[in-house]
């Protein structure tokens with residue numbers, strides 16, 4: 001079991017030991033709203049003590065890292081020091097895939113991976129505690145919180161962790177050696193079930209599977225949250241869905257089921273080779289669409305058909321695409 005206070009203190013201590021003037025640290029802290037964590041950009045050593053790590057650190061910080069590196073390229077004025085990013089094991093795979101895709105530069109990056117036994121969304125935590133959160137602490141797979149109704153509640157987190165937390169193919173340390181790992185035991189232990197999670201593509205007939213997918217996608221409002229938060233969808237500011245170079249009559253912004261299907265099929269085909277199944281699209285969706293039914297299946301197909309596992313190497317090129325550092329892909 002993870003002692004989050006110790007992990008936080010150990011991470012702070014290590015970052016203070018390596019910080020140099022000009023460095024920029026990307027990590028997590030509490031927002032002004034209890035129960036919600038927010039990304040934290042640190043440029044001064046004194047701010048390192050603001051870092052807080054706990055099961056609510058759901059955001060995949062690699063997407064911000066990519067934006068910062070692209071800004072450096074476009075401005076021609078890169079950061080004076082190095083970028084240091086603190087990530088969970090599952091999100092480390094996204095950083096590694098971005099290095100492989102030449103979207104971020106490995107030479108100017110230090111990755112600090114902190115141990116984790118599962119993350120829970122704010123929405124799930126509110127449901128567990130029975131209302132809006134005044135305060136919350138985490139210990140031994142439990143959340144001990146107080147609601148705005150002044151009710152003290154202790155809830156078991158097991159069973160409420162994000163889908164990816166129970167998949168050993170996603171929750172694992174990356175296969176590269178130049179990163180630092182923060183853990184009480186100095187070794188990584190998978191805290192989920194080794195049994196592979198069943199996919200609807202395996203358990204349902206083709207007709208029932210299509211029905212389930214249709215039901216999920218019918219909730220879509222085309223807000224682009226899944227696209228914008230995805231670390232694998234790094235040309236979102238030049239997306240063909242927004243600014244097509246050609247007049248393609250069958251791609252519109254209408255909220256109809258056929259257009260919604262077009263949008264998600266194009267998006268998932270686009271990111272399939274470099275999707276690490278981090279689950280950010282599902283977490284960010286305001287409609288609660290179970291997008292894991294797509295990305296987990298594509299993640300498996302990529303491995304079965306091409307022998308490729310996204311996020312496992314910082315040098316292997318993905319099988320379906322190739323491009324140059326900073327290239328406009330659209």
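The values are calculated or read from the model by the stated rules, or taken from the named source; none is laboratory data. Computed from a predicted structure; not experimentally measured. Cβ placement follows ideal geometry from the backbone for every residue including glycine, while neighbour counts extend to all protein chains displayed.
In the stretch 1-116, counting only helices (runs of 4 or more DSSP H) that sit wholly within it, the ones holding 1 or more residues that are within 27 Å of residue 273 (Cα to Cα) span 62-75, 89-100.
Residue under question is residue 106, and the condition is that it be under 18 Å from residue 312 (Cα atoms) and at pLDDT 90 or above; does it hold? No: the conditions fail for residue 106.
Taken over the stretch 272-283, the residue count meeting the criterion of being surrounded by 21 or more Cβ atoms within 10 Å (Cβ to Cβ) and either in a helix (DSSP H, G or I) or outside the structural domain of residue 38 (by TED's automatic domain parsing) (or both) is 6. The set of residues from the stretch 129-144 being buried (at least 21 other Cβ atoms within 10 Å of the Cβ) and either without any contact (Cβ under 8 Å) to a residue 60 or more places away in the chain or assigned by TED's automatic domain parsing to the domain that holds residue 23 (or both) comprises just one member, 129.
Would you mind stating whether residue 154 is surrounded by 18 or more Cβ atoms within 10 Å (Cβ to Cβ), farther than 17 Å from residue 53 by Cα, at pLDDT 65 or above and not assigned by TED's automatic domain parsing to the domain that holds residue 54? Write out each step before concluding.
Details: surrounded by 18 or more Cβ atoms within 10 Å (Cβ to Cβ): no; farther than 17 Å from residue 53 by Cα: yes; at pLDDT 65 or above: yes; not assigned by TED's automatic domain parsing to the domain that holds residue 54: yes.
When the stated conditions are applied, residue 154 does not pass them.
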